[in-house]
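Remarks on the structure that follows.
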Amino acid sequence: MEIKFVSGLADVIAAQTEISSVDGKRGVLRYRGYGIEDLADNSSFEEVCYLLLYGKLPTKAQLNGFKNKLKKEQKLSKPVQDFIKGSPKTSNPMDVLRTAVSIIGVYAKKETLVDSSVRLIAKVPIIITAFGRVIQNKKILQPKPKLSIAGNFLYMLNGKVSKLEEEIFDVCLILHAEHGMNASTFSARVAASTRTDIYSAITAAIATLKGPRHGGANEKVLEMVKEIKTEKNVESYIMKRLKKKVRIMGFGHRVYRIKDPRAYILEERSKELARKTKSNFYDILKKVEKIMEREVGHKGIWPNVDFFSGSVYNSLKIPPKLFTPIFALGRVPGWCAHLLEEYQPANRIMRPKAIYIGPKQRKYIPISKR
Ligand code: ACO
């Protein structure tokens, strides 16, 4: 059998999963068989968390029970609070989140994997908003029991939240909840394949998501829109960069060769918020999309999930530094569902190979003779 090196493990099958399916040619994303369009229109982030963890949609009673479990976990222990308050304000919030999750692991009790997952889903938004308040020199707020995870996140960050903002942010979280074998999920599964604990595996996932090739493009899209300033500058801005072979952020995807289905949904929300806030960001983005379709559409380069999310977060008054942590917050249930799958006894430790391309045999020379 010929041994072949596959750069970036592209198209290598590393697991079997029942959690989500991604059809990159037709632009279809389903969680446990349910289309994300249906989930975004009719469901809530809490319901999607339940679906990902338990494999089925909850009844009303099951969802209420699940929400109550989450609410009980919406607090941070003193060691975690002290760490967040003591972190330098200039820290990357992903570093703070990664270490806070690791500290939670230090104090974790023996419990079921689902209970640990619930704990993480509840606590990650509290960690991010607490650090968000610290960097804004504001008092850390406590969650309100009546609000959803999305509503509480915006309330704890900004001190207020409207119904529309809560609904739109809830959709953002649903759309980020799961996406197959991406780099951070793969990291989490590799860690879990050694049978390490769930907190260690999620710490690995957060560390992986932090990288600019994975979690950081939405912030860059916002920077681009701010630089462009008005619609009339779009054509020259984009053409100048394309001529220099600079990549336009928010475009292209390893799996999708057409427009990312999540981008369609976020586009609607971005339009709605732009109208409300009288921002020109949506109009600028649409013009960028038109020019990119003309210039690189034939290469299969289309808007991805990050193209409209930055403008949505900006309208929700979320600081750009927190955009990648929000990706993590949305993705925790997906990571946990994958860990539950990976911990199944039949799964073996992940142990791929590397082809050795270094020097053949060498004669050892003692240090005194080198
Ligand atoms: N802008 C302009 N041209 C692009 C872009 C882009 N964003 N992305 C790819 N291209 C071009 C490449 O230059 C290449 O052109 P060529 O054939 O003339 O040399 C062609 O399209 C194919 O590019 P690949 O590198 O093969 O695309 P790949 O599928 O490996 O990369 C990636 C995907 C990394 C997402 C890439 O499109 C990119 O860098 N995009 C910008 C960053 C971004 O938005 N990332 C978020 C991805 S979604 C997520 O992670 C949640």
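The values are calculated or read from the model by the stated rules, or taken from the named source; none is laboratory data. These numbers were taken from a predicted model, which means no experiment stands behind them. Here the Cβ is made from the backbone with ideal geometry for all residues, glycine too, and neighbour counts use every protein chain on show. Only protein heavy atoms, including side chains, enter the accessible area calculation; ligands, DNA and RNA are left aside. Shrake-Rupley method; radii C 1.70, N 1.55, O 1.52, S 1.80 Å.
Where nothing but the Cβ of Lys and Arg (+1) and of Asp and Glu (-1) is charged, how large is the charge dipole of the chain around its Cα centre, in debye to the nearest 20?
Numbers: 66 positive and 36 negative charges, 306 e Å.
Using Cβ point charges on Lys, Arg, Asp and Glu, the chain gives about 1460 debye.
Amide H neighbours of Val28 under 5 Å, at least 5 residues apart or on other chains, H built in the peptide plane: list them.
Asp23
Debye calculation, C-alpha points only, no solvent: report log10 I(q)/I(0) for the chain at q = 0.09, 0.12, 0.13 Å⁻¹, in the same order as the q values.
Debye output, listed in q order: -0.54, -0.93, -1.07.
Could you tell me the convex hull volume per residue, in Å³, taken over the Cα atoms of region 217-315? Please list the in-between numbers first.
Details: hull volume 8.3 nm³, N = 99.
Taking only Cα atoms, region 217-315 has a hull volume of 84 Å³ per residue.
Tell me what the chain gives for mean residue ellipticity at 222 nm when only DSSP H runs of n ≥ 4 count, each as -39,500 (n - 2.57), the sum divided by the residue total, rounded to 500 deg cm²/dmol.
Calculated mean residue ellipticity at 222 nm is -18000 deg cm²/dmol.
Taking 7 Å along the Cα-to-C-beta vector as the label spot, tell me the Val114-Ser91 distance in nanometres, rounded to one decimal.
In this crude label model, Val114 to Ser91 measures out at 3.3 nm.
If you put +1 on each Lys and Arg Cβ and -1 on each Asp and Glu Cβ, how big is the dipole of region 217-315 around its Cα centre, in Debye rounded to 20?
The dipole of region 217-315 has a size of about 300 debye.
Give me the net charge for the shell around Asp23: Cβ to Cβ below 11 angstrom, other residues only, Lys and Arg +1, Asp and Glu -1.
For residues surrounding Asp23, the net value is +4.
Give the peptides 64-71, 204-211 in descending order of average Cβ contacts within 10 Å, highest first.
204-211, 64-71
Where does each of 280-289, 134-143, 33-42 land if you order them by average Cβ count within 10 Å, highest first?
280-289, 33-42, 134-143
Which whole-Hz ³J(HN,Hα) couplings does region 119-133 yield from phi under the Karplus relation 6.51 cos²θ - 1.76 cosθ + 1.60, θ = phi - 60°, glycine and proline marked x?
Running phi through 6.51 cos²θ - 1.76 cosθ + 1.60 with θ = phi - 60° gives 4, 5, 4, 6, 7, 4, x, 5, 4, 5, 5, 4, 5, x, 6 Hz.
In Å², and per residue, what accessible area does the chain have when probed at 1.4 Å with the other protein chains present?
Dividing the accessible area of the chain by its residue count gives 53 Å².
For Tyr155, Tyr256, give the ranking by accessible area with the largest first, probe 1.4 Å.
Tyr155, Tyr256
Output ³J(HN,Hα) for region 315-329: one whole-Hz value per residue in order, computed from phi by the Karplus curve 6.51 cos²θ - 1.76 cosθ + 1.60 with θ = phi - 60°, and x for Gly and Pro.
Once θ is set to phi - 60°, the couplings for region 315-329 become 5, 8, 6, 8, x, x, 4, 9, 4, 5, x, 5, 4, 4, 4 Hz.
Which semi-axis lengths, in whole Å and largest first, follow from the square roots of five times the eigenvalues of the Cα gyration tensor of region 67-154?
Ellipsoid semi-axes (Å, largest first): 21, 17, 10.
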